[in-house]
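Data first, discussion second: the structure below is written as structure tokens.
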Amino acid sequence: MPMYQVKPVCGSHMETELPTCMYRLPNVHAQQGGSSTSEHALQNGEVDPAVKALEARQDEIMRKLYELKAAVEGLAKTVTTPDADLDLTVSSSLSSQSPTSTTFKGVTDLDTLMGKDLGALRDIVINANPAHPPLTLLVLHSVLCQRYRVLSTVHVHSSAASVPPQLLSCLGPRHADSYARQMFQLGFTLIWKDVPKLQMKFSVQNMCPVEGEANVARFLFKLLSPYPSDPAVATLVDSWVDMAFFQLAEGSAKERAAVLRALNSALGRSPWLAGPEFSLADIACYCCVLQSGPASSTPTNVQRWIKSCENLGHFSPAKLFLK
């Protein structure tokens, strides 16, 4: 029996409604035909104009960030590394005018040779000594400009005491759109610097510099065409390239004479050094032959071959430094 008895204060039939969810939402599936509300329209795929404006603004911001990233990535390869500290920017160019075009067999994949394009311009940075201009690189640059949209830039390092004016403009005039790096497929940055050997880099984080004009020329030519699939032809091309740089350019008079005789013999059997196709062997030997002496002193077949090379038009940049 309870100690105290209290009378009830409310009726026994009072009902209390309890909530079954936190928020109540309109039933969009219950709307019919023309009575669709704005919420129902959104469910049918229509986008609020305010959301459209926000998306457009976001796309514009992302585009500007993409351009900024491409510019910063390209500058990082030439400014933030010890091999490419610069004092003076001289020129930038896009060579769209080409002489007689040369057809190379095969198609080169830039992603395979230089890594996947992640939004930054693929920039090849080359350090060269102005006392020994790399003529083969100037020729290869001319051919590269026929295959790709190339942003070409020349800089002068503080270690280079004096650089002749023709070296400052060796890659052509400044291009009006050189600031828009995203327009180009390939960057070609030449830095005149006091270095014992030619040096090249295209990936600051993942590679050591490639040294020597012959090795750099081999890499640049692979951007134009794959090396011959026939091992014998590939070996022949490498052999001529080595003879050009180590015997014609740096060898004694006796070694140069022996190479000229070999050239004359090979060119008596075929129009080009590696057979019926123009190759890196012709570029390297042409530049080194004319650097070692006048063309009039070379054998008959070599003189005919020199004229054939000049008819292609790619050797105009090199001829400027041979006069």
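What FRET efficiency comes out for Arg269 versus Ala161 if R0 is 41 angstrom and r is the Cβ-Cβ distance? Round to the nearest 0.05.
Values: r = 47 Å, r/R0 = 1.14.
Rounded to the nearest 0.05, the efficiency is 0.30.
For Gln291 and Glu211, FRET efficiency with R0 = 22 Å and r from the beta-carbon atoms, rounded to 0.05? Each step should come with its number before you reach the end.
Details: r = 20 Å, r/R0 = 0.89.
About 0.65, to the nearest 0.05.
Cβ neighbours within 10 Å, averaged per peptide: list 256-263, 122-129 in order, most packed at the top. Mind dumping the intermediate values first?
Working: 256-263: 17.4, 122-129: 23.2.
In descending order of packing, they fall as 122-129, 256-263.
Given R0 = 35 Å, the distance between the Cβ atoms of Leu168 and Ala257 translates into a calculated FRET efficiency of 0.45. The simple spin-label model puts a point 7 Å past each Cα toward its Cβ; for Arg63 and Val6 those points are separated by 7.3 nm. Spin-label pair Ala56-Gln303: with each label point 7 Å from Cα along the Cα-Cβ axis, the two points sit 7.1 nm from one another.
Highest mean first, the peptides 47-57, 266-276 sorted by other C-beta atoms within 10 Å per residue fall in the order 266-276, 47-57. Of the listed pairs Lys222/Lys319; Lys197/Lys222; Lys201/Lys222; Lys69/Lys222; Lys69/Lys201; Lys193/Lys319, which have alpha-carbon separations greater than 25 Å here? Too far apart for the 25 Å limit: Lys69/Lys222.
For Thr153, the residues whose modelled amide H falls within less than 5 Å of its own, excluding neighbours fewer than 5 places apart on the same chain, are Ser93, Phe188, Thr189, Leu190.
Using a simple spin-label model with pseudo-atoms 7 Å out from Cα toward Cβ, Glu310 and Ala232 lie 3.4 nm apart.
Bear in mind these aren't lab numbers, they're just calculated from the coordinates by the rules spelled out. Just so it is clear, the model here is predicted, and its values are computed rather than measured. No Cβ is skipped: glycine too gets one built from the backbone with ideal geometry, and neighbour counts run over all protein chains shown.
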